[in-house]
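Some notes on the structure that comes next.
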Amino acid sequence: MTEMQIRRYARHIVLPEIGGIGQSKLIAARVLVLGAGGLGAPLLQYLGAAGIGTLGVVDDDTVDLSNLQRQVIHRTSDIGMAKVASAERALAEINPEVTVRTHRERLTAANAERLVADYDLVADGSDNFATRYLLNDTCFRLRKPLVAAAILRFDGQISTYKAWHGAGHPCLRCVFPQAPSEDAVPSCAQAGVLGALAGTLGAMQATEVVKEILGVGRSLSGRLLTYDALDGSWEEMAIAKRPDCPTCGHRA
């Protein structure tokens with residue numbers, strides 16, 4: 001590392017679990033973030049500050065005034081700008097050493113493998129089950145760790161999916177075999193979301209991404225954490241691999 005990098009990442013380097021070798025791993029890492037919205041905004045900020053060498057950002061939307069209550073990477077002057085461009089501008093200001101690769105497109109079956117293949121790890125900040133399932137299936141096929149979170153109203157959840165590792169590692173479809181109806185899970189636009197909740201779960205995602213890259217601590221694979229902001233409490237649920245899972249089961 002250069003002298004400037006040693007100064008920038010000094011608080012990481014003094015951690016025995018990271019050190020100079022670990023920080024070099026972060027600098028060499030390539031992480032794809034799906035969505036530059038509520039979860040993606042704080043997630044990208046912390047990954048950029050942590051020195052993740054290459055950050056890919058997938059989003060086809062533009063910045064809207066209603067986004068600014070929680071999507072803290074964007075500014076009022078960014079309204080109307082592509083979210084990936086706004087995120088790229090913000091990340092350059094936070095850490096110009098980070099390479100930002102923008103993908104202004106929606107994740108589809110046609111482009112999913114192309115987008116995911118170039119990265120070491122994927123973080124999901126999408127807001128619908130169709131996209132989450134597609135990203136889960138793609139990450140399983142390509143053997144990419146997936147750190148996924150979701151938020152609504154005052155509640156959030158997060159887990160890491162590495163189903164190819166074996167029996168103790170489920171995928172997203174093991175936990176949610178079928179998508180709930182739209183009435184059962186309304187969008188944030190319909191039901192609302194606490195702005196700071198996005199920061200809480202986005203920061204948690206960044207922590208889990210760093211842990212997976214470094215191979216330190218206890219992975220969230222096989223565990224689902226849920227957060228109730230009104231109660232101020234976290235709960236942990238063990239999640240198991242389903243033998244009949246359509247993605248990672250024996251009849252996948």
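Laboratory data are not the source of any read-out in this text; all were calculated from the coordinates shown. For clarity, every value in this text was computed on a predicted model and none was experimentally measured. All Cβ positions, glycine included, derive from the backbone under ideal geometry; neighbour counts span all protein chains shown.
What FRET efficiency comes out for residue 164 versus residue 226 if R0 is 35 angstrom and r is the Cβ-Cβ distance? Round to the nearest 0.05. The formula returns an efficiency of 0.90 here. Its relative contact order, with pairs defined as Cα atoms under 8 Å and 6+ residues apart, puts the chain at 19 percent.
Our helix-only sum for the chain, with -39,500 (n - 2.57) per DSSP H run of n ≥ 4 divided by its residues, gives a mean residue ellipticity at 222 nm of -10000 deg cm²/dmol. A Förster radius of 30 Å combined with the Cβ-Cβ distance from residue 65 to residue 191 puts the calculated FRET efficiency at roughly 0.95. Peptides 188-200, 75-87, 145-157, ordered by how many other C-beta atoms sit within 10 Å of their residues on average, highest first, read 145-157, 75-87, 188-200. Annotation: aspartates and glutamates with alpha-carbon distance below 17 angstrom to residue 83 (same-chain offsets under eight excluded): 59, 60, 61, 64, 93, 105, 124, 127.
Taking Cα centroids, how far is segment 17-66 from segment 162-233 in Å? Result: 17 Å between the Cα centres. Relative contact order of segment 65-120: 23 percent, from C-alpha pairs under 8 Å at least 6 residues apart in sequence. Assuming 1.306 mPa s and 10 °C, estimate D for the chain with Stokes-Einstein, Rh taken as the Kirkwood radius over Cα pairs, in µm²/s. Once the numbers are plugged in, D ends up at 86 µm²/s.
Of all lysines in the structure, the ones whose alpha carbon falls short of 22 Å from that of residue 144, not counting any fewer than 8 places away in one chain, are 25, 162, 211, 241. The modelled label-to-label distance for the pair residue 10/residue 128, using points 7 Å beyond Cα in the direction of Cβ, is 4.8 nm.
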